[in-house]
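The values are calculated or read from the model by the stated rules, or taken from the named source; none is laboratory data. Predicted, not measured: the structure shown is a model, and the values here were computed from it. We place every Cβ from the backbone using ideal geometry, glycine too, and count neighbours over all the protein chains shown. Heavy atoms of the whole protein, side chains included, go into the accessibility calculation; ligands, DNA and RNA do not. Shrake-Rupley method; radii C 1.70, N 1.55, O 1.52, S 1.80 Å.
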Amino acid sequence: MDAFLGLPPHIHRAVVEAYIKGAIVNDIDFGDFEMLVEPWLSEDGRASFYRQFAQADERYTAEVEPMFGDIRCPVKIIWGEDDPWIPLARGKALHALIPQASFETLPGVGHLPQLEAPDLMLRRLSAFLGGD
């Protein structure tokens, strides 16, 4: 991790931008993209950006997965079919853990559906929340 912390600011920014671009399959608003990049550019943000990779461990989610079936409130899982970070198979596996949830995929959408297809997401959420 220390090697990355020594990157010049313009190289660090390029790494952050490439990482975020790896999550999306559609163009998003430039302002939205900048909003995603900006928090990682400060000194604290830079350290946090690389620390998240060093600390990533699926055992933390595995610890709570057995409780998913006990969820009592309405749940709707909306998954980008073309998510490059977390494949659709993981969304389906999540749905299997929460069988009472509804599950819907968004064709042609990646990891950030709220930014890639905001109108579609708003319609889906509104319908789920009863606002058709």
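Here is a list: P107, P74. Which entry is farther than 30 Å from I11 by Cα, without any contact (Cβ under 8 Å) to a residue 40 or more places away in the chain and open to solvent by 70 Å² or more (accessible area, probe 1.4 Å)?
Of the residues listed, the single one that is farther than 30 Å from I11 by Cα, without any contact (Cβ under 8 Å) to a residue 40 or more places away in the chain and open to solvent by 70 Å² or more (accessible area, probe 1.4 Å) is P107.
Select, from A18, A3, the only residue that is farther than 19 Å from P113 by Cα and not acidic (D, E).
A3
Are any residues in the range 119-131 open to solvent by less than 70 Å² (accessible area, probe 1.4 Å) and either on the phi < 0 side of the Ramachandran plot or at pLDDT 95 or above (or both), and if so, which ones?
Once the filter is applied, which keeps residues that are open to solvent by less than 70 Å² (accessible area, probe 1.4 Å) and either on the phi < 0 side of the Ramachandran plot or at pLDDT 95 or above (or both), the range 119-131 yields L120, M121, S126, A127, G131.
If I filter the range 111-118 for residues that are open to solvent by less than 90 Å² (accessible area, probe 1.4 Å), modelled with pLDDT of 95 or more, part of a helix (DSSP H, G or I) and in contact with a Phe, Trp or Tyr (Cβ under 6 Å, 6 or more places away or on another chain), do I get at least one hit?
no
Give me the residue from the range 27-46 that is of a type in the set (D, E) and farther than 27 Å from A117 by Cα and, out of that set, most open to solvent (accessible area, probe 1.4 Å).
The qualifying residue most open to solvent (accessible area, probe 1.4 Å) is E43.
F49 is checked against (1) in contact (Cβ under 8 Å) with a residue 12 or more places away in the chain; (2) open to solvent by 50 Å² or more (accessible area, probe 1.4 Å); (3) not acidic (D, E) and fails just one. What number does that condition carry?
(2)
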